[in-house]
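The values are calculated or read from the model by the stated rules, or taken from the named source; none is laboratory data. These figures come from a predicted structure and were not determined experimentally. Cβ: placed from backbone, ideal geometry, glycine included. Neighbour counts: every protein chain shown. Heavy atoms of the whole protein, side chains included, go into the accessibility calculation; ligands, DNA and RNA do not. Shrake-Rupley method; radii C 1.70, N 1.55, O 1.52, S 1.80 Å.
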Amino acid sequence: MSSMHATLEILTHPLLSEVRHGFFTRRGGASSGLFAGLNCGLGSSDQGEIVAINRARVAEAMGVAVDALATVRQVHSAEVAVLAEGEQPADVARLRADALVTNRPGIALAVLTADCQPILLADPQAGVIGAIHAGWRGTLAGVIEATVGAMSDLGARHVRAVIGPCISQAAYEVGDDLMDEVLAEDPGHHRFFAGGPNGRPMFDLPAYGLSRLREAGVEAEWTRHCTYADPERFFSYRRSTHQGAADYGRLISAIAL
């Protein structure tokens, strides 16, 4: 293992080619057992020092110092942490939020997911980037629009975004209560639901995310990877639940100027 991150698998997308970014799969990490691979979740029951090793590998792959990898305490909200002049990643690490934006080089913004949408955003010309953890609840609450707004405040004008690996409609059976909440906002959202094999609604989370990004004036794409369907590459909260596992790993997605 001559290069520390030679074994990491990092998915990128042409839409964000002008900035350093990556949706990291679970491959190449130091964790074992349930968390085998690159588990970057501090909130998991994995050993803290192992998670720290994994996060250090991610920072190195992103070309930033270990303490320049910025994450927040994700709570399915629409709160956005802004790393403006003078703000350090350590300052926002304990903040309850679900998105980060900055216009500062040398800092990697990162979110953790295990079925929810990781969304990386950039306006390379303006030098503004963002990262969002967007499950159905945060998306419904407006985390995407709040992030785009915070980027605009920093001077972003032409934002592009990519939704990384998340749960796909084929794997995402939901309750009528969730569907009702989404439809209460806009009856037109019924297009994101289909009938499932068990007679319950199947929700198209990435299509919903794409539609909200595009309505916010963002050019957006999804990488088309389903976390549930590919256990070799992705952690999945729902898959671990279906398997009766005690816990699950968290994937990391990061972007830097």
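Before moving on, here are some points about what is shown:
- Gain in span if fully extended, Glu219 to Ala126, counting 0.36 nm per residue against the direct Cα distance: 31.9 nm
- Excluding exposed DSSP-loop trypsin sites (Lys or Arg not before Pro) (at most 14 other C-beta within 10 Å), longest clean stretch of the chain: 1-93
- Rounded to the nearest Hz, the phi-derived 3J(HN,Hα) couplings of region 219-236 under the Karplus curve 6.51 cos²θ - 1.76 cosθ + 1.60 (θ = phi - 60°) are 6, 9, 9, 10, 5, 6, 9, 9, 5, 5, 7, 10, x, 5, 10, 10, 7, 8, where x marks glycine and proline.
- Ala56-Gln88 FRET efficiency (beta carbon distance; Förster radius 25 Å; 0.05 resolution): 0.90
- Coupling constants for region 11-18 follow from the phi torsions by the Karplus curve (6.51 cos²θ - 1.76 cosθ + 1.60, θ = phi - 60°), and in residue order they are 8, 10, 9, x, 4, 10, 4, 7 Hz; glycine and proline get x.
- For the chain, the convex hull drawn through the C-alpha positions has a volume of 117 cubic angstrom per residue.
- Taking the charge dipole of region 106-257 about its Cα centre, with +1 at Lys and Arg Cβ atoms and -1 at Asp and Glu Cβ atoms, the residue from Asn198, Tyr237, Leu178 reaching farthest to the positive side is Tyr237.
- Backbone phi angles across region 174-183, fed through the Karplus curve with coefficients 6.51, -1.76 and 1.60 (θ = phi - 60°), yield HN-Hα couplings of 10, x, 4, 5, 5, 4, 4, 5, 5, 6 Hz in residue order; Gly and Pro are listed as x.
- Average accessible surface area per residue within the chain, 1.4 Å rolling probe, Å²: 42
- Simple point charges give the picture: +1 on the Cβ of Lys and Arg, -1 on the Cβ of Asp and Glu, and for region 46-178 a dipole about the Cα centre of about 280 debye.
- Near Arg20, the amide H atoms lying under 5 Å from its own belong to Ala256; only residues 5 or more places off or on other chains count, and H is placed 1.01 Å from N.
- Carbon plus sulfur fraction of accessible area for region 119-227, probe 1.4 Å, in percent: 47
- The chain - charge dipole about Cα centre, Lys and Arg +1 at Cβ, Asp and Glu -1, debye rounded to 20: 540
- Computed over protein heavy atoms with a 1.4 Å probe, the carbon and sulfur contribution to the accessible area of region 24-76 reaches 51%.
- Every Cα-Cα pair of region 32-131 was included, and the share exceeding 16 Å stands at 57 percent.
- Distance in nm between pseudo-label sites at Arg200 and Arg73 (7 Å out along the Cβ direction from Cα): 3.0
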